[in-house]
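Participant: Right, I'll just put the structure down here and ask away after.
The values are calculated or read from the model by the stated rules, or taken from the named source; none is laboratory data. Predicted model, so just to flag it, every value in this text is computed and none were measured. Backbone-built Cβ (ideal geometry, glycine too); neighbour counts: all protein chains shown.
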Amino acid sequence: MVMNFCPVHLLSITTALAVSLQLSVASDPSGRSVPNFALIDVDDANHELYRAPGRAVVLFFIGSGCPIVRKNAANFRELADRFESQGVSFWAVNSYADETKSEIRRERSRIGLRGRTTLMDTKQAVAMSFGVDRTAEVIAIDTTTWRIFYRGAIDDQLVEGAEKPRATEHYLADALTAFLAGDEVRVPRTQTRGCRIAYAKVTKDETAPDFATQVAPILQKNCVECHRPEGIGPWSMNSHRRVANYADMIEEVLLTRRMPPWDPHPAYGKFHDPQWLSREETQTLIAWAKAGAPKGEGEDPLAAPLAPLPEWRMGKPDYVLRLPKPETVPPTGVVDYRYIELANPFTNDVWLAGLDVKPGNRKVVHHVILYAKWPGGPDAGGKGAFFVGWAPGATPLRYPEGVAKKLPAGAKLTAEMHYTTSGTEETDQSEIALYLADGPQGRNAETREAVQPNLLIAPGDPEARHEAMYFFSRPAAIYGLFPHMHFRGKWMRYELLLPNGGRETLLHVPRYDFQWQLSYYLREPRRVPAGTWLKVTGAFDNSTGNPANPDPTKRVIFGEQSWDEMFIGFFEAADDPEPSKTAAK
């Protein structure tokens, strides 16, 4: 069982949503810049608005079965064919609630948009943030200023229940032609004719959601654990006033999926403690933010005193390993990895049912890894067996009943410490908690890896694909998956290639974020037969379009420092117990 762990580096948490029918400032061509957003397409790729190439982006809001969309799709496709070569990106955005990837793919093929970027706005956050209340609306955005220069209908041919023989006004084509020529757009806004989009009914009327009874409970459930004094969030959600100051930022980080940072593709895998917001929760927060973040009447629930944070997330450990002395981290520069020997408190074999890491100073601790080395044991590049790791966002490791990780007597324990500088000299004395099982268990768990050490990432490559394989020579159970890359990491997928020819995706992370080394523990162990391969595929973005890229001009290889790269699909697994050798005669 894994404890809920609210993510780090939070700048806020909401998604822009407009339950009222009034248009947001983002819908006004003369207003402020539109918010950024990130959506996954039906081919599992992530698309972020502010990283779109070219001079403009056109959004076409669609929904399966809408006849107005179906009749407009050919015009949208023809305009894409005409203007894409001039630096305009065309994205269809499906904003019907909770439609599946397969449903959207079928509709895309039916309306002739197969091969076109089709995004899944399943929580309707983008549509509501942009004030879209009907399908078939197009929104054209300048990628220099991020302002809308046209929104409305593609042309004047279609209306609800009626259709002209042909269009007499070509609104979108005229707007794009004028924009690309540097001329003023003559008609920046027209009325949209399409199917009404049904949003969640988060209020009884068009008023804002109530802060005390609707908004604050969502924040308390999902955000306050980190956004509190002594928490890992950068600011505290300890009053309405404080949260209201961040309302627009909350909208942005929800739209871009930076918060909550839990970002596996929803079509693959079921995991313990998913840190996500429902459609209704998302729309509640956005509607409140769009309404100006009102407090309303009554007491402020966020101002109530909070219970102290637990010292350890899984309760009191049986043993705690601590760095033998405080480590000093200089104010600037690059700190080499430190390998610090820890005293093994056991003189006999023990079995660990769980492990956790508590960084002593989050300002400078980038990651902690505990290795154990003993004669005849596994050896990860001379370090020994990987036992537990921590990086921002990591959850504690707790094995299910009957599973444990054996720590042999006399094993040498080493903590790999990666520190980053903060501008001020700091000290750290991190700790590792050990939770003991009651003797040997039926399954001996191991942290295994599918690793590709032969990386060669070309300068400027936005999609440098690599893969790694792991072979199961014995039947086994898989418990958790832990993707690992560095700053150029873009996406990673775990797939099983089964002996019967079957293929199954266990996990797909469409937007890998080095700042969040998240752990994905399967809700139910996945048992695999002998002869199964685990295939891990992924890509690096070494282009200037990656804002986290240390140096897009560098040819990158495998290495331990963050400006180098790694491609490791870590996973927790245990072989099936050996069958009894005593057969009945």
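Participant: Return the only residue of Pro392, Pro459 being surrounded by fewer than 21 Cβ atoms within 10 Å (Cβ to Cβ), in contact with a strand residue (DSSP E or B) (Cβ under 9 Å, 6 or more places away or on another chain) and modelled with pLDDT under 95. So that I can check it myself, show each step before the final result.
Facilitator: On the way: Pro459 fails: modelled with pLDDT under 95.
Selected residue: Pro392, the only one of Pro392, Pro459 that is surrounded by fewer than 21 Cβ atoms within 10 Å (Cβ to Cβ), in contact with a strand residue (DSSP E or B) (Cβ under 9 Å, 6 or more places away or on another chain) and modelled with pLDDT under 95.
Participant: Now, a different point. What do you reckon, is Trp262 of a type in the set (Phe, Trp, Tyr) and either more than 24 Å from the chain's Cα centre (by Cα) or more than 21 Å from Phe571 (Cβ to Cβ) (or both)?
Facilitator: Values: of a type in the set (Phe, Trp, Tyr): yes; either more than 24 Å from the chain's Cα centre (by Cα) or more than 21 Å from Phe571 (Cβ to Cβ) (or both): no.
Criteria not met by Trp262.
Participant: Of the residues that make up the stretch 363-377, is at least one over 30 Å from Arg241 (Cβ atoms), surrounded by fewer than 20 Cβ atoms within 10 Å (Cβ to Cβ) and under 31 Å from the mean Cα position of the chain (by Cα)?
Facilitator: As a first pass, look at the stretch 363-377 and keep what is over 30 Å from Arg241 (Cβ atoms): 364-377.
If we keep only those that are surrounded by fewer than 20 Cβ atoms within 10 Å (Cβ to Cβ) too, we end up with 366, 373-377.
Checking which are under 31 Å from the mean Cα position of the chain (by Cα) leaves us with 366.
Yes - at least one qualifying residue is present in the stretch 363-377.
Participant: Here's another thing I want to ask about it. Taking the conditions exactly as written (under 22 Å from the mean Cα position of the chain (by Cα), modelled with pLDDT of 95 or more and surrounded by fewer than 21 Cβ atoms within 10 Å (Cβ to Cβ)), does Glu431 satisfy them or not? Write out each step before concluding.
Facilitator: Working: under 22 Å from the mean Cα position of the chain (by Cα): no; modelled with pLDDT of 95 or more: yes; surrounded by fewer than 21 Cβ atoms within 10 Å (Cβ to Cβ): yes.
Here the answer is no, as Glu431 does not meet what is asked.
Participant: Going by the conditions given, is Leu309 touching a residue at least 12 places away in the same chain (Cβ under 8 Å), among the aliphatic types (A, V, I, L, M) and over 30 Å from Ala52 (Cβ atoms)? Reasoning before the result, please.
Facilitator: Values: touching a residue at least 12 places away in the same chain (Cβ under 8 Å): yes; among the aliphatic types (A, V, I, L, M): yes; over 30 Å from Ala52 (Cβ atoms): yes.
Criteria met by Leu309.
Participant: Moving on. So if I check each of Thr328, Thr332, Thr282, which one is in the same structural domain as His227 (by TED's automatic domain parsing) and of a type in the set (Ser, Thr, Tyr)? Walk me through how you get there before you give the answer.
Facilitator: On the way: Thr328 fails: in the same structural domain as His227 (by TED's automatic domain parsing); Thr332 fails: in the same structural domain as His227 (by TED's automatic domain parsing).
None of the other options fit; the residue is Thr282.
Participant: Considering only the stretch 527-565, state which residues are part of a loop (DSSP other than H, G, I, E, B) and either surrounded by 19 or more Cβ atoms within 10 Å (Cβ to Cβ) or of a type in the set (Phe, Trp, Tyr) (or both). Outline the logic, then answer.
Facilitator: Taking the stretch 527-565 first, the residues part of a loop (DSSP other than H, G, I, E, B) are 529-532, 541-555, 557, 559-564.
Within the stretch 527-565, Thr532, Asp541, Asn542, Asn549, Trp563 qualify.
Participant: Could you please find all residues in the stretch 174-198 being assigned to a loop (DSSP other than H, G, I, E, B) and among the small types (Gly, Ala, Ser)?
Facilitator: Passing the criteria: Gly182, Gly194, Ala198.
Participant: Would you be able to tell me the number of residues in the stretch 482-525 that are in a strand (DSSP E or B) and over 20 Å from Val451 (Cβ atoms)? Give the derivation first.
Facilitator: Step one: filter the stretch 482-525 for residues in a strand (DSSP E or B), giving 482-484, 489-497, 503-509, 520-525.
Then drop every residue that is not over 20 Å from Val451 (Cβ atoms), which leaves 503-504, 521-525.
Residues that pass the stated criteria total 7.
Participant: Quick one: which of Gln86, Gln157 is over 21 Å from Glu252 (Cα atoms) and modelled with pLDDT under 95? Quick ask: steps written out before the conclusion?
Facilitator: Details: Gln86 fails: modelled with pLDDT under 95.
The match here is Gln157.
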